[in-house]
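A.B. asks: First, the structure itself, so that you have it in front of you.
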Amino acid sequence: MTDHSVKTVAVLGGGTMGHGIAQVAAMAGFETRLYDIDQKLVDLALARIDENLVKGIAKAKVTPEEKRETTARLRGEADLGKAVDGVDLVIEAVPERIELKRAIFGRLSELAPAGAVLASNTSSLSVAKIAESVADPSRVCGMHFFNPVHILALCEVIRADATSEATIDRARGVAEAMGKTPIIVKDSPGFASSRLGVTLGLEAIRMVEEGVASAEDIDTAMTLGYKHPMGPLRLGDLVGLDVRLAIAEYLHAELGDERFRPPELLRTMVAEGKLGQKSGQGFYDWS
Ligand SMILES: NC(=O)c1ccc[n+]([C@@H]2O[C@H](COP(=O)([O-])OP(=O)(O)OC[C@H]3O[C@@H](n4cnc5c(N)ncnc54)[C@H](O)[C@@H]3O)[C@@H](O)[C@H]2O)c1
């Protein structure tokens with residue numbers, strides 16, 4: 001059963017993901033607090049949201065009235081206690097480091113209301129390990145959004161062994177209210193999205209290595225033959241080949257599965273600084 005009782009949301013971390021999650025939450029009608037470690041970072045995140053909304057108006061995707069209402073529902077906070085005071089849901093989006101996330105969830109266990117759901121936007125870490133620092137782990141789950149948050153419609157709701165059904169129902173309700181399609185996934189390395197996406201990406205790289213076809217032609221096989229909106233090699237260039245390598249190494253270590261062993265070609269390209277779009281060269285020339 002989907003639970004629509006959440007009214008107030010706190011987002012922790014106002015970076016790439018956090019500012020987007022806060023924007024989408026406020027647009028969906030939730031009273032939203034955006035927390036970061038100092039006021040300058042909070043202001044920066046709020047300014048990024050403002051900029052997105054201005055662009056939305058220019059593209060006729062957002063009305064001036066919606067922008068006003070969204071801004072009125074958003075509050076920046078540089079004090080964690082104030083940020084989570086009285087909230088129904090916390091979505092953590094701080095850097096991908098297990099010790100940092102565990103420390104924050106430990107503080108949330110004390111500072112956030114006992115009934116609040118505590119969610120992490122982690123893209124790879126174990127939700128169960130993050131939840132070990134919380135007195136009641138049944139209220140912890142993952143809510144994995146995709147970048148850019150205001151555009152991509154998927155939210156993976158991650159269920160650890162201890163996560164309660166009520167927690168999943170609440171997270172699902174919020175994701176739906178935000179206009180996302182939630183999928184419920186077991187807490188396992190790479191969840192559903194990265195595990196499958198990385199498998200395809202690594203196989204495509206091995207095919208380039210073996211000279212099966214050119215990068216362009218392998219991508220065309222997927223776009224025209226399988227109706228993927230983008231081929232796996234071009235997508236790897238956009239995500240960043242260093243990011244792809246890190247995820248493959250993590251999945252290889254965690255799952256102990258040879259399918260995730262990073263291909264030599266990927267290691268060589270990253271070592272040579274060919275990281276994809278951000279460095280100007282990857283499987284494609286982006287200069
Ligand atoms: N970037 C992506 O495409 C993407 C996609 C899905 C999930 N994620 C996950 O989202 C999380 C955040 O990633 P990001 O790309 O937004 O990172 P980011 O570096 O852009 O932003 C992190 C923010 O957290 C803040 N921060 C650092 N320490 C903090 C603390 N102790 N308390 C509160 N805020 C703190 C930083 O100041 C920064 O604003 C990570 O777990 C990442 O794996 C990222």
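A.B. asks: What is the one condition in (1) part of a helix (DSSP H, G or I); (2) touching a Leu at 6+ places or on another chain (Cβ under 6 Å) that Leu235 does not satisfy?
C.D. replies: Condition (2) is where Leu235 drops out.
A.B. asks: Right, next: Residues that are touching a Leu at 6+ places or on another chain (Cβ under 6 Å): find the helices (runs of 4 or more DSSP H) completely inside region 73-161 holding 2 or more of those.
C.D. replies: Result: 80-84, 98-111.
A.B. asks: Could you pull out the residue among Ala25, Ala45 that is assigned to a helix (DSSP H, G or I), within 16 Å of the ligand (Cβ to nearest atom), in contact with a strand residue (DSSP E or B) (Cβ under 7 Å, 6 or more places away or on another chain) and touching a residue at least 60 places away in the same chain (Cβ under 8 Å)?
C.D. replies: Ala25
A.B. asks: Here are some residues: Glu31, Glu65. Which one is more than 12 Å from the ligand (Cβ to nearest atom) and loosely packed, with under 13 Cβ neighbours inside 10 Å?
C.D. replies: Checking each option against the conditions leaves just Glu65.
A.B. asks: Looking at this structure, is Arg75 within 16 Å of the ligand (Cβ to nearest atom) and at pLDDT below 95?
C.D. replies: So Arg75 does not fit the description; no.
A.B. asks: Sticking with this one: Only one of Ala131, Ala153, Ala93 is over 23 Å from Thr32 (Cβ atoms), within 16 Å of the ligand (Cβ to nearest atom) and among the small types (Gly, Ala, Ser); which?
C.D. replies: Ala131
A.B. asks: Just checking, does region 52-60 include any residue being out of contact with any Asp or Glu (no Cβ under 6 Å at 6 or more places or on another chain), within 16 Å of the ligand (Cβ to nearest atom), in a helix (DSSP H, G or I) and within 21 Å of Ala153 (Cα to Cα)?
C.D. replies: Yes, the conditions are met somewhere in region 52-60.
A.B. asks: Does Ile184 qualify as being assigned to a strand (DSSP E or B), more than 12 Å from the chain's Cα centre (by Cα) and more than 17 Å from Val94 (Cα to Cα)?
C.D. replies: The answer is yes for Ile184.
A.B. asks: Then there is this: Name every residue in region 217-249 that is farther than 20 Å from Lys278 by Cβ and either aliphatic (A, V, I, L, M) or touching a residue at least 24 places away in the same chain (Cβ under 8 Å) (or both), in order of residue number.
C.D. replies: Of everything in region 217-249, those that are farther than 20 Å from Lys278 by Cβ and either aliphatic (A, V, I, L, M) or touching a residue at least 24 places away in the same chain (Cβ under 8 Å) (or both) turn out to be Ile218, Ala221, Met222, Leu224.
A.B. asks: Further question on the same structure: Which residue pairs have Cβ atoms closer than 6 Å, lie 6 or more positions apart in sequence or on different chains, and pair a first residue in region 106-124 that is farther than 21 Å from Arg195 by Cα with a second residue that is of a type in the set (Asp, Glu) and modelled with pLDDT of 95 or more?
C.D. replies: Within 6 Å, the pairs are Ala116/Asp88.
A.B. asks: Sticking with this structure for a sec: Whether any residue in region 38-57 is under 26 Å from Glu132 (Cβ atoms) and at pLDDT 95 or above is what I want to check.
C.D. replies: No, every residue in region 38-57 fails to be under 26 Å from Glu132 (Cβ atoms) and at pLDDT 95 or above.
A.B. asks: With respect to Val140, is the statement that it is in contact with a Gly (Cβ under 7 Å, 6 or more places away or on another chain), within 25 Å of Glu254 (Cβ to Cβ) and aliphatic (A, V, I, L, M) true?
C.D. replies: no
A.B. asks: Restricting the search to region 250-259, which residues are part of a helix (DSSP H, G or I) and farther than 23 Å from Gln277 by Cα?
C.D. replies: Once the filter is applied, which keeps residues that are part of a helix (DSSP H, G or I) and farther than 23 Å from Gln277 by Cα, region 250-259 yields Leu251, His252, Ala253, Glu254, Leu255, Glu258, Arg259.
The values are calculated or read from the model by the stated rules, or taken from the named source; none is laboratory data. Note that the coordinates shown come from a computational prediction; the quantities given were computed from them, not determined experimentally. Cβ atoms come from the backbone with ideal geometry, glycine included; neighbour counts cover every protein chain shown.
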